[in-house]
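Only the coordinates and a few stated rules stand behind these numbers; no lab work does. Not measured: the values here are computed from a predicted model. Don't worry about glycine lacking a Cβ; one is built from the backbone with ideal geometry, like all the others, and counts go over all protein chains shown.
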Amino acid sequence: MKVPLKTDFQVLTGNGYTKHYLDFQAFKMPLWAFNKEKYGSKVTEKVEHPLYFFKWKLPLSYEKVAVREEQNSQRVYSKQEAVEKALEIGRKKLLSTLGEDAKIKGEKVLHQEQDNGKVRLSIHYQVIENIANTQPIIQGD
C-alpha cells in the first residue's frame with residue numbers, strides 16, 4: 001500500500017447559486033436568479049429538459065444551471081498517521097475482494113519505507129474464509 005504524506009484536492013465550500021433559463025434554439029432568456037457572485041474557482045452543473053406538447057417536442061427547453069464555489073485544500077499526514085491510513089485502506093481493499101463471511105485474523109507489517117513523500121507498506125494478512133465450493137454429483141447411467 002502507498003499513502004502520500006501530502007495530498008492536494010478540491011472541496012466544495014457550500015456557497016453557490018442556481019440560475020434558471022428558458023432556452024429557445026440559440027437564445028437563452030433568464031427566468032429568475034439574476035445574481036452573479038464572483039468565485040475564484042467554481043464548478044458548474046447544467047441540466048436541460050426539453051418541453052413537449054403532448055408527444056411533439058417543442059423548440060423550447062428549460063435549463064437549470066447550478067454554480068458552486070470550489071476551494072483548494074491540502075491534507076498533510078505525519079508518518080505514523082500515514083501508516084495507520086495505509087493499514088485501514090489495506091483492510092478495506094482486502095475485505096472488498098473476499099466473501100461476506102471472511103474475517104481478518106491478523107496482520108503484520110513486513111516492510112515499511114518512506115520515499116518521495118509517500119509511505120509504502122508491505123503487509124501480510126491472515127484471513128479465515130470458506131473456500132469450499134459445492135458441486136452437484138451427477139451419476140451417469
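So the values come out like this:
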| quantity | calculated |
| --- | --- |
| With at most 15 neighbouring Cβ atoms within 10 Å, loop chymotrypsin sites (Phe, Trp or Tyr not before Pro) (DSSP) excluded, longest segment of the chain | 55-141 |
| P(r) histogram, all alpha-carbon pairs of region 77-128 included - 5 Å bins from 0, percent | 4, 19, 28, 23, 14, 8, 4, 1 |
| Lys36-Trp56 FRET efficiency (beta carbon distance; Förster radius 30 Å; 0.05 resolution) | 0.25 |
| Range in the chain, longest, excluding exposed GluC sites (Glu not before Pro) [loop by DSSP; at most 15 other beta-carbon atoms within 10 Å] | 38-99 |
| Cα centroid separation, region 62-112 to region 23-46 (Å) | 36 Å |
| Cα-projected label distance for His124 with Leu87, points at 7 Å along beta-carbon direction, nm | 1.6 nm |
| Rg over Rh, two decimals, region 1-68 (C-alpha only, Kirkwood Rh) | 1.22 |
| Within the chain, longest stretch clear of exposed trypsin sites (Lys or Arg not before Pro) (DSSP loop, no more than 14 other Cβ within 10 Å) | 56-141 |
| Order of Met29, Met1 - criterion: other Cβ atoms within 10 Å of each residue's Cβ, fewest first | Met29, Met1 |
| Gain in span if fully extended, Val11 to Leu94, counting 0.36 nm per residue against the direct Cα distance | 27.1 nm |
| Tensor-based shape of region 16-139 (alpha-carbon gyration tensor, a/c under 1.5 rounded, otherwise prolate or oblate) | oblate |
| Between 0 and 90°, nearest 10: helix 79-97 axis offset from the chain longest Cα axis | 90 degrees |
| Virtual spin-label span in nm between Leu22 and Thr44, 7 Å along Cα→Cβ | 2.2 nm |
| Residues with amide H under 5 Å from that of Tyr39, placed H, sequence gap 5 or more | none |
| Net +/- balance of residues flanking Tyr77 in space, Cβ distance below 11 Å, scoring K and R +1, D and E -1 | +3 |
| Cα-based reach from Lys93 at 29 Å (exclusive), listing lysines while leaving out same-chain residues under 8 positions away | Lys2, Lys6, Lys79, Lys85, Lys103, Lys105, Lys108, Lys118 |
| Summed side-chain charge close to Gly16 - residues other than Gly16 whose Cβ falls under 14 Å, Lys, Arg +1, Asp, Glu -1 | +3 |
| Whole-number percent relative contact order across region 1-63, with pairs defined as alpha carbons under 8 Å at least 6 apart | 30 percent |
| Residues of type lysines that Lys64 reaches as a straight line, Cα spacing below 30 Å, ignoring anything fewer than 8 places off in the same chain | Lys19, Lys28, Lys36, Lys38, Lys42, Lys46, Lys55 |
